[in-house]
There are 2 protein chains.
Amino acid sequence: MITFILDPSGGTPFYRQIIDQIKFGIASGNLKTGEQLPTVRALAVELKVNLNTIAKAYKELEILSILDTQQGSGTFINANGVVLSEEEKQKKIQDICKQFLTVAYTYGFSKEDVIARLQNDNLNNNLNNK
Amino acid sequence: MITFILDPSGGTPFYRQIIDQIKFGIASGNLKTGEQLPTVRALAVELKVNLNTIAKAYKELEILSILDTQQGSGTFINANGVVLSEEEKQKKIQDICKQFLTVAYTYGFSKEDVIARLQNDNLNNNLNNK
DNA sequence: ATATTTGTACTATATAATTAATACAACATA
DNA sequence: TATGTTGTATTAATTATATAGTACAAATAT
């Protein structure tokens with residue numbers, strides 16, 4: 001489980017902050033496959049927002065196949081992650097790499113810079129395919 | 001020079017589509033340092049939008065030091081790119097790498113997957129620091 | 001069965017983002 | 001200097017986003 005925190009300043013919408021925290025919780029290994037998230041009501045009360053704000057975050061992650069929701073029982077970390085065809089996977093990885101490099105260039109980093117940074121980044125060493 | 005195209009569907013605002021096309025134009029080598037972009041009016045007519053829409057795109061890129069505008073003469077690709085302090089650079093590269101890996105994970109890619117993809121991607125081999 | 005728990009749907013509202021119409025100001029050049 | 005070119009500023013209207021209030025529906029548990 002992770003602890004959710006909302007920052008009212010900064011302009012990032014509440015529901016997006018929740019999405020980001022769940023995504024990074026998974027990526028960093030603090031949220032495990034099959035684990036149940038707080039109910040929309042529980043988290044809404046805890047964070048002092050409307051339950052629809054939580055539901056919206058969960059919904060977006062469900063569309064991405066990151067979460068698995070069952071009305072009546074709750075919301076869980078999905079076992080499988082996103083399922084794409086090989087062709088879709090190739091297109092997707094190409095897209096995100098291209099976009100990433102474009103952003104990196106904008107800030108003056110070379111491809112070699114970011115690859116080096118990725119390789120010795122110890123914050124994300126829980127990442128893998130399964 | 002590059003050819004601009006606007007997609008009215010998809011939800012991406014016009015000015016952002018222009019920003020992205022210029023950024024990637026630079027990253028891919030199709031826009032060279034010092035090159036002049038179309039005037040806000042010319043591009044506005046060509047793309048059938050208001051000149052402020054083009055101006056907004058150029059403005060954001062000027063704030064990022066990607067473009068260089070002179071009233072009366074035109075808008076040009078800046079020679080230097082973004083200038084950040086070493087500390088800001090470290091924070092920035094950390095941020096974009098972290099975000100990139102989180103997105104990659106979302107689609108089931110491992111760090112090794114994306115590094116491999118970055119290394120043999122020939123679309124972006126014009127990238128460098130200067 | 002029925003009551004409770006869970007997510008969902010619908011509606012309203014305030015705010016932000018986007019685009020446009022049009023007038024202005026700086027620069028170049030004839 | 002006068003005129004045309006360039007980007008800028010102001011304002012308005014439309015559209016999209018974010019959040020909330022409240023009612024509904026599905027699953028679970030008693």
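Since every read-out is calculated from the coordinates, none of them should be taken as a lab result. The model shown is predicted, which means the values in this text are computed figures rather than measured ones. Don't worry about glycine lacking a Cβ; one is built from the backbone with ideal geometry, like all the others, and counts go over all protein chains shown.
Each residue of region B:56-73 was assigned a 3J(HN,Hα) from its phi angle through the Karplus curve 6.51 cos²θ - 1.76 cosθ + 1.60 (θ = phi - 60°); the sequence is 5, 4, 4, 4, 4, 6, 6, 4, 7, 6, 8, 10, 9, 10, 10, 4, x, 10 Hz, with glycine and proline shown as x. Exceedance of the 29 Å cut-off in Cα-Cα distance is limited, within the set A:Lys48/A:Lys92; A:Lys89/B:Lys48; A:Lys59/B:Lys89; A:Lys23/A:Lys89; A:Lys98/B:Lys92; B:Lys32/B:Lys89, to A:Lys48/A:Lys92; A:Lys89/B:Lys48; A:Lys59/B:Lys89. Modelled spin-label separation between B:Ala116 and A:Phe76, with each label point placed 7 Å from Cα along the Cα-to-Cβ direction: 3.1 nm. If you plug the beta carbon distance of A:Gln94 and B:Glu86 into 1/(1 + (r/R0)^6) with R0 = 35 Å, you get a FRET efficiency near 0.65. In chain A, the beta-carbon sitting nearest the axis that superposes A on B belongs to the residue given here with its distance in angstrom, A:Phe100, 2. Based on a Kirkwood Rh over C-alpha pairs, give the Stokes-Einstein translational diffusion coefficient of region B:14-77 at 37 °C and viscosity 0.692 mPa s in µm²/s. Approximately 283 µm²/s, per Stokes-Einstein.
Taking Cβ atoms as reference points and 14 Å as the exclusive limit, the residues near A:Pro8 contribute a net charge of +1, counting Lys and Arg as +1 and Asp and Glu as -1. Contact order, relative form, for chain B: 23 percent (alpha carbon pairs under 8 Å, 6 or more residues apart, mean separation divided by residue count).
Summing charges over all other residues whose Cβ lies under 11 Å from the Cβ of A:Asn50, with Lys and Arg as +1 and Asp and Glu as -1, gives +3. The listed peptides A:86-94, A:108-116, ordered by packing as a protection proxy, come out as A:108-116, A:86-94 (highest mean of other Cβ atoms within 10 Å first). Inter-chain Cβ neighbour count for B:13-23, averaged per residue, equals 1 (cutoff 10 Å, partner chain atoms only). Summarising the label geometry, the points placed 7 Å from Cα in the beta-carbon direction at A:Asn50 and B:Thr12 lie 3.1 nm from one another. Taking every residue in A:85-96 and counting other chain Cβ atoms within 10 Å of its Cβ, the average works out to 3. When the square roots of the Cα gyration tensor eigenvalues are ordered a ≥ b ≥ c, the ratio a/c for chain B is 1.5 or more and a/b exceeds b/c, which makes its shape prolate. Summarised as an ellipsoid, region A:1-47 has semi-axes of 19, 14, 7 Å, derived from the eigenvalues of the Cα gyration tensor scaled by 5 and square-rooted, with the largest first. Averaged over peptide B:63-69, the number of partner chain Cβ atoms lying within 10 Å of each residue's Cβ comes to 1.
What FRET efficiency would be calculated for the residue pair A:Glu35, B:Ser65, taking the C-beta separation as r and a Förster radius of 41 Å, to the nearest 0.05? Before the final figure, lay out the partial values.
Numbers: r = 44 Å, r/R0 = 1.07.
Here the calculated transfer efficiency is 0.40.
Where the convex hull is taken over the Cα atoms of the protein assembly as shown, what is its projected area averaged over directions, in nm²? So the Cα hull casts an average projection of 15.9 nm². Can you tell which of B:Thr75, B:Thr33, B:Thr106 shows the greatest fluctuation in a Gaussian network model of chain B with Cα springs below 10 Å? In the Gaussian network model the winner is B:Thr106.
Rounded to whole numbers, the Karplus 3J(HN,Hα) couplings from phi for region B:18-23 are 5, 4, 4, 5, 5, 4 Hz, using 6.51 cos²θ - 1.76 cosθ + 1.60 with θ = phi - 60°, and x at Gly and Pro.
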